[in-house]
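The values are calculated or read from the model by the stated rules, or taken from the named source; none is laboratory data. The shown structure was predicted, so the numbers you read here are calculated from the model rather than taken from an experiment. Counting neighbours? That spans all protein chains shown, and the Cβs are built from the backbone with ideal geometry, glycine included. Heavy atoms of the whole protein, side chains included, go into the accessibility calculation; ligands, DNA and RNA do not. Shrake-Rupley method; radii C 1.70, N 1.55, O 1.52, S 1.80 Å.
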Amino acid sequence: MKKRILALFLALILLLGVMAGCSKKDVSDTPDDGTSASKPSANKVSAPEKATVTAKYAYKAEYKDVSAQFEWINQMCAAGSSVYLSASVMGDEITETDEVTGETYTYNDYHDGLFRLDMDTGEVTELENFSMPSIPEGWQGGTNVYHMQAVEDGTLWLLINFYTYRYNVPEDFDPETDQEYNYYEQGEEKSSLLHVASDGSLIAEVNIQPQRSDDQQYYNSISTFCVDSAGNVYAGDWQNVYVFDASGKQLFVLDCSENGGSLCQMSSDNVGIATYVYDEATQTGGRRYLPIDVTAQDFGEAIKLPQSAYNFFPGDDVYDLYYDNNGNIFGYDLETETSEKVVDWIECDINSNDMNGYAILPDGRVVAFLRHWDNATNESSTQMVTLTRVDASSLPEKTAITLACMWLDWDLREKIVDFNKTSEQYRIVVKDYSEYNTEDDYTAGMTKLNTEILSGKVPDLFLLNDQMPVDLYAGKGVIADLYQFIDNDESLSRESFVQPLLRALEKDGKLYEMPTAFYIQTAFGLNKVVGDYETWTLADLKDAMTKLQPDADVFYAYNTKSDMLQQCISRNISAFVDWTTGTVSFDSPEFVALLEFANSFPESFDWENYDWSQDEDVQTRMNSGKQLLNPVSFTTFEDYLYQCYGYDSGIKFVGFPSEDGTSNNSFYTQTGFAISAVSPSQDAAWAFVREQLLGQKQQVENQSIWCFPVMQDAFDAMLTRAMTPDYQLDENGEIMYDENGEPLKWPKMTYGGGVSIAPDGTETQMESVEIYELSQADADIILSLIENTQSVYSYDQDIMDIITDEVAAFFAGEKSAEDTAAMVQSRVNLYVQEQS
């Protein structure tokens, strides 16, 4: 049986290798009846699941550089063979002088322009007959094109929002003793619809002033609109839909209920709202489309929508509507209630993070504008890309490396696209299992992934997150020991990585996951309170509490029993569950002590009636003996400066109490990878992972990494940067000096300052302290904290549900901690055996 599964898996990989382009190439999702799909798509998501894959169609991307006629696209829509753009256009350079300081500065004026892209010629031209409405005389502010739509007669409708203000200063205004900001007056926020011809000339301007016949409040900030084939205009502000005729006369208003609703248009004569609807009779709810019946002046019958559908485009002869989700375009069939992925941007080698706008043409082509910022030159460039449906067999063949994930990190998109563009042999194919989640089951994607793995269909790469049970995968032999790749790597060794993190990630001497970054969760107390403890057990914590005020809290006042239980379990669940051996130890003294610790907190917190006016900041509470510990997370060395200065007698990191008194802090990992133990493309998968690691030092130098890097050289560079002052530079890039010849520095952190008000009303001026660099003593404290951190945050929702269920009786005083631990042990042990 194992040989058969492996043979099927290898056949799947070979078949994936012959497919390329913009259609999904994971042919594992074939119809149950063995027939081929009739629509050009990749994954059909429905309930029950019946996925469809088509290898016949793909999308070919054609690129064209666009001259800098505009800076940024605001809105975009398609009409026939033309695409219309509303974009920001740089105007004249304006020079102004500050009346107080005399300083002169320059800036560029911007205005919205209207452009037409001719898809036949590829030319982009500005419609010079178009001009934006002007701001009323005596007012300042601006206008912007908030939404636009092309209609069947070739004309355009544009929603213009006005924002105006002025400084209504009195005649005797004296700038020496007064400020004009004291007389700030905001103007009326209003919206206007412009109906313009295809050359940009104005046909009509319709001022939208929604009115209701009742006393209910409405927004006057229209956010979107639609125009149907009869010329009726539908304007929405989320709470209501206002329907006008073509002349601007209001016909009626529809209330979108407390859940609100966004306007969407399925066809030229079918306009409605997407909203959440709850059925009291069945006690079920979800995303629904409510069509608007103009004759009845009411909503029609609700139609089910995908739970992830929010941004809509009109449908065509293939789909009833299009929508985007997680950076991809889907088509939706109302009759079958199924979604199909039509365009996967990554499969087209397009980074959707650079997307400045796109439109779907009637002939099925997709045109998009990409705006890319070059960090090296500090310049941006704009490209137009046109996606045309082609035969998949006409595209170059590459071996597919399947990357399984639950949502895709925005930064990783660009790296996948770069890898796919540069690799001649391989391409990363992303399979985002979150797309299988439904409104009834938000874990359906994770269930599908685990089911496929059990059947022998294992992805080549895993992008790990809190939902993926990496320990379970390691215990079942699903994922590979990464040390085999590190040890055979010409450029890397085990010493290339931050050692305490690697030790914490190891399981029986093997490394199953490789994060790209990490941070630390811990807790600190005042030195004068916790400084003398060599361990930090529950008994130590109880003893430390005797040194504070009688009603002092361990942490924040709002922490409850369930809060603390979840925090403590997730910090180190591997201490109680070993997936490699299938053993469980919740009946241990450690877990009993943890239960007793959580039980020392209140059952609940009254958020509504708490007197927040008496609430104090953590520093004040700890200095005054009202709070023992402050739980903190450190993502960088500078976080120490931001969070740990200004405490009386200094601080000591003790973390959360544990039975052994030492494993009190946790690593939290970011963007982790695992590699399949049975993938035939392991080396290629490792090549992609190592690419994410080798450039970390450069990321630190560019200040484009926001957590501790896992590479030791990058980690050292981050520490050096924190210990190096940031000097003030002149226009030539030279260090500036004060009158004493000392270099001027920018503070990395400033604390103190301001006024402290005592309960009796006494005001005390606080001293302001500026910190310019991390000291060696502070660096040693952080390095010691990292060195002594032994556990890694992990989470298992199923195990947590069992624990939560069983501890309820203990928290209610109906069971002992020992009996509760025994019940948890029994149920979790059964769960682990079922999964192993």
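Miscellaneous remarks
- Evaluated at q = 0.11, 0.18 Å⁻¹: base-10 log I(q)/I(0), Debye formula over Cα of the range 535-659: -0.47, -1.13
- Based on protein heavy atoms only, the range 628-673 ends up with 30 Å² per residue of surface accessible to a 1.4 Å probe.
- Hz values of 3J(HN,Hα) by residue in the range 147-158 - Karplus curve (6.51, -1.76, 1.60), Gly and Pro given as x: 7, 8, 8, 9, 10, 5, 7, x, 9, 10, 10, 10
- Protein-only accessible surface order, largest first, of Lys341, Lys547 at 1.4 Å: Lys547, Lys341
- Per-atom-type breakdown for the chain gives carbon and sulfur 46% of the accessible area (1.4 Å probe, protein chains only).
- Here the range 283-418 is treated with +1 on each Lys and Arg Cβ and -1 on each Asp and Glu Cβ, and its dipole about the Cα centre works out to around 220 debye.
- Prolate/oblate/rounded label for the range 339-442 (Cα gyration tensor, a/c 1.5): rounded
- Computed accessible area, Glu773, all protein chains, 1.4 angstrom probe, square angstrom: 60
- In this structure, the amide hydrogen of Asn144, modeled 1.01 Å from its nitrogen in the peptide plane, lies closer than 5 angstrom to those of Asn161, counting only residues at least 5 positions away or on a different chain.
- Of all DSSP beta bridges confined to the chain, the antiparallel ones make up roughly 95%.
- Placing Ser67, Ser493, Ser613 in order of accessible area, with the largest value first and a 1.4 Å probe, yields Ser613, Ser67, Ser493.
- Structure-based [θ]222 nm, the chain - -39500 (n - 2.57) summed over DSSP H runs of at least 4, per residue, nearest 500: -6500 deg cm²/dmol
- Computed 3J(HN,Hα) for the range 123-140, one whole-Hz value per residue from the Karplus formula 6.51 cos²θ - 1.76 cosθ + 1.60 where θ = phi - 60°, is 7, 10, 10, 7, 7, 6, 6, 8, 9, 6, x, 8, 6, x, 4, x, 10, 10, glycine and proline marked x.
- Annotation: Cys405 carries an accessible surface of approximately 0 Å², with a 1.4 Å probe and no ligand, DNA or RNA atoms counted.
- The range 145-160 and the range 403-445: distance between their alpha carbon centers, rounded to Å: 35
- Here's how it looks for Ser666: its modeled amide H is under 5 Å from those of Gln521, which are all 5 or more places away or on a different chain.
- Over the range 377-511, accessible surface divided per residue gives 43 Å², non-protein components excluded, 1.4 Å probe.
- The figure for Lys652 is an accessible area of roughly 60 square angstrom, using a 1.4 Å probe on the protein chains alone.
- Residues whose amide H comes within less than 5 Å of that of Ile651, counting only those at least five positions distant or on another chain, are Asn527 (H built at 1.01 Å from N in the peptide plane).
- Cα-Cα separations in the chain greater than 50 Å, expressed as whole percent: 31
- Long pairs among Lys304/Lys448; Lys60/Lys457; Lys64/Lys431; Lys64/Lys421, criterion Cα-Cα beyond 19 Å: Lys304/Lys448; Lys60/Lys457; Lys64/Lys431
- Accessible area of the range 282-364 divided out per residue, in Å², using a probe of 1.4 angstrom: 40
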